[in-house]
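Attaching a single structure in structure tokens format; questions to follow.
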Amino acid sequence: MTEWTDSIVRKGFSQNYKIEKRIYSGKSKFQKIEIIEIPEFGKTLFLDGILQICEADSVIYDKALVDPIFKINPNAKKISILGGGDGGVLREVLTHKVDKAIMIEIDKDVIDICKKYLPEVCKTAFEDKRTSLMIEDATKVMKKEKDLDAVIVDLIDPEMMTKSREKELYKVLFLDIKNSLKKNGIVSIQLGSYYEKDLRDFIVKIVKDNFKDISIKQVFIPSFIETWMFSTAVKE
């Protein structure tokens, strides 16, 4: 009998994926973590039942966050990544001539499980001597970071953004990100699905309040089966 899994994209809409093989399933302190092999896309990370990244096309998502930084500043040397426990964005950052990549992830289990069961995404990024890994809440750590060339925000959760407390945390977070950056430092953000307009408008307003030269682009992610939104901006 064929087995399928639902990935709830947003209220009223979900996508179905055929399960070839269940590789891992467990719970961390924060969320349910699954590694599932699905047709066409291979091994895939699901968090709380929502598809996050897969081995076949993770590079599309990762490059959408990383490439714009180096187009603006090819000499960026010190970069902080907020979230991204699968290690794909970190891997992509390390393909450039950076001196230091600081990854701040709250859930160590995601990192450990992806290193073990989904190494096609992170490769050797976590072992790279330029990587500095912090298992912390990014909203707290960014109050202390300084002299960064760029910050990558891979945190945005549409469900969280419906809660007023989380909205206030994000407003403070982006102010802290601004303060952590050097002059003309860059912030790169994933804004969620093309259809999450309220979420996108909320984040873009915060970014415009703190940064200049904001740009927004659309990127189709095959495994998501939809268009995802990304933005970059520069510190004033």
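Could you list, in sequence order, the residues of the range 68-85 that are part of a helix (DSSP H, G or I) and without any contact (Cβ under 8 Å) to a residue 24 or more places away in the chain? Break it down into steps so the answer makes sense when it comes.
Of the residues in the range 68-85, the ones part of a helix (DSSP H, G or I) are 68-72.
Scanning the range 68-85 gives a single hit, Lys71.
Would you mind finding the one in Ile79, Ile69 that is hydrophobic (A, V, I, L, M, F, W, C) and in contact with a Lys or Arg (Cβ under 9 Å, 6 or more places away or on another chain)? Lay out the reasoning, then the answer.
Numbers: Ile69 fails: in contact with a Lys or Arg (Cβ under 9 Å, 6 or more places away or on another chain).
None of the other options fit; the residue is Ile79.
Return only the number of the condition from (1) outside any loop (DSSP other than H, G, I, E, B); (2) closer than 27 Å to Phe13 by Cβ that Glu92 does not satisfy.
(2)
In the range 40-67, what residues are aliphatic (A, V, I, L, M), buried (at least 19 other Cβ atoms within 10 Å of the Cβ) and part of a helix (DSSP H, G or I)?
Matches in the range 40-67: Ala64, Leu65, Val66.
Before we move on, is Tyr117 of a type in the set (Ser, Thr, Tyr) and more than 15 Å from Ile152 (Cβ to Cβ)? Before the answer, list the steps.
Values: of a type in the set (Ser, Thr, Tyr): yes; more than 15 Å from Ile152 (Cβ to Cβ): yes.
So Tyr117 passes the test.
Could you go through the range 110-120 and let me know if any residue there is buried (at least 21 other Cβ atoms within 10 Å of the Cβ) and part of a loop (DSSP other than H, G, I, E, B).
From the range 110-120, those buried (at least 21 other Cβ atoms within 10 Å of the Cβ) are 110, 113-114, 118; that's our starting set.
After this cut, where a residue has to be part of a loop (DSSP other than H, G, I, E, B) as well, the list is 118.
Yes, the range 110-120 contains at least one residue that is buried (at least 21 other Cβ atoms within 10 Å of the Cβ) and part of a loop (DSSP other than H, G, I, E, B).
Of the conditions (1) of a type outside the set (S, T, N, Q); (2) on the phi < 0 side of the Ramachandran plot; (3) not assigned by TED's automatic domain parsing to the domain that holds Gly192, Gly42 clears all except one; give me its number.
Status for Gly42: all satisfied but (2).
Would a scan of the range 54-63 turn up a residue that is of a type in the set (Lys, Arg) and in the same structural domain as Met134 (by TED's automatic domain parsing)?
Initially, the range 54-63 is screened for residues of a type in the set (Lys, Arg), giving 63.
Next, only the ones that are in the same structural domain as Met134 (by TED's automatic domain parsing) stay: 63.
Yes, the range 54-63 contains a residue that is of a type in the set (Lys, Arg) and in the same structural domain as Met134 (by TED's automatic domain parsing).
Now a separate question. In the range 182-206, which residues are closer than 13 Å to Val219 by Cα, touching an Asp or Glu at 6+ places or on another chain (Cβ under 7 Å) and of a type outside the set (S, T, N, Q)?
Tyr194
Of the residues that sit in the range 86-97 and are crowded, with 20+ Cβ neighbours inside 10 Å and either among the β-branched types (Val, Ile, Thr) or touching a residue at least 40 places away in the same chain (Cβ under 8 Å) (or both), which one is nearest to Ile23 (Cα to Cα)?
If we take residues in the range 86-97 being crowded, with 20+ Cβ neighbours inside 10 Å and either among the β-branched types (Val, Ile, Thr) or touching a residue at least 40 places away in the same chain (Cβ under 8 Å) (or both), then Asp86 is nearest to Ile23 (Cα to Cα).
The values are calculated or read from the model by the stated rules, or taken from the named source; none is laboratory data. This is a predicted model, so every value here is computed, not measured. Glycine gets a Cβ as well: all are built from the backbone with ideal geometry, and neighbour counts include every protein chain shown.
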